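What follows draws every value from the coordinates through simple rules; no lab data is involved. This one's a predicted model, so the numbers in the text were calculated from it and none came from an experiment. Reconstructed Cβ throughout: ideal geometry from the backbone, glycine too, with neighbour counts over all protein chains shown.
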Amino acid sequence: MGSAISITLSVIGVASSAAVVGLMFFLVVARYVLGLSVVGLHELIMLAAVTLYMVGAIIASQRHEHLTVDWIAGNITDPRSKAAHDLLIALLTVVITCFFMVWSYYMFTWGMKRPQHTPAYQIPLWIPQAAIGVAAVACFAYALRDAIDAILRLKRR
């Protein structure tokens with residue numbers, strides 16, 4: 001299951017990266033080489049970029065590559081202290097992602113009560129908002145995984 005999730009996230013990440021780069025390149029060529037103004041292309045770029053950012057956050061959480069103070073983690077040599085440090089980071093991440101989930105829930109429900117759309121293509125704004133919510137839940141799940149792993153390592157020693 002873990003490898004299927006990893007592959008799916010990687011495919012979404014590559015596709016959204018390609019969409020951002022390709023659409024941005026087309027926008028520049030159309031505007032400055034062909035002299036065309038392409039209406040609404042920024043909306044599509046925004047959707048791809050939000051997807052890319054949120055998938056990137058999920059992948060970083062999945063791989064334990066989210067931001068940490070490497071100097072502190074690198075100087076901890078005792079396995080029990082390392083597990084306690086990892087638990088502290090995981091618990092802080094759980095708290096932060098709880099706030100993130102609540103915020104994205106309120107944002108999403110507010111958007112459903114007062115539907116808004118992008119100007120050119122009429123894309124509902126709940127679509128990028130849903131990506132933010134999915135990322136919040138996924139990062140929360142990975143933070144819980146990290147907390148449980150750290151607790152198990154603390155109990156082993």
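A few notes on this one:
- Residue in the range 68-80 that is in contact with a helix residue (DSSP H, G or I) (Cβ under 6 Å, 6 or more places away or on another chain) and aliphatic (A, V, I, L, M) present: yes
- Any chance LEU27 is touching a Phe, Trp or Tyr at 6+ places or on another chain (Cβ under 9 Å) and part of a helix (DSSP H, G or I): no
- When SER37 is tested against (1) more than 19 Å from the chain's Cα centre (by Cα); (2) surrounded by fewer than 16 Cβ atoms within 10 Å (Cβ to Cβ); (3) assigned to a helix (DSSP H, G or I); (4) without any contact (Cβ under 8 Å) to a residue 24 or more places away in the chain, only condition (3) is not met.
- Residue within the range 16-26 that is over 18 Å from the mean Cα position of the chain (by Cα), buried (at least 17 other Cβ atoms within 10 Å of the Cβ) and under 21 Å from ILE148 (Cα atoms) present: no
- Some residue of the range 4-22 being without any contact (Cβ under 8 Å) to a residue 40 or more places away in the chain, part of a helix (DSSP H, G or I), more than 20 Å from ALA130 (Cβ to Cβ) and touching a Leu at 6+ places or on another chain (Cβ under 7 Å): no
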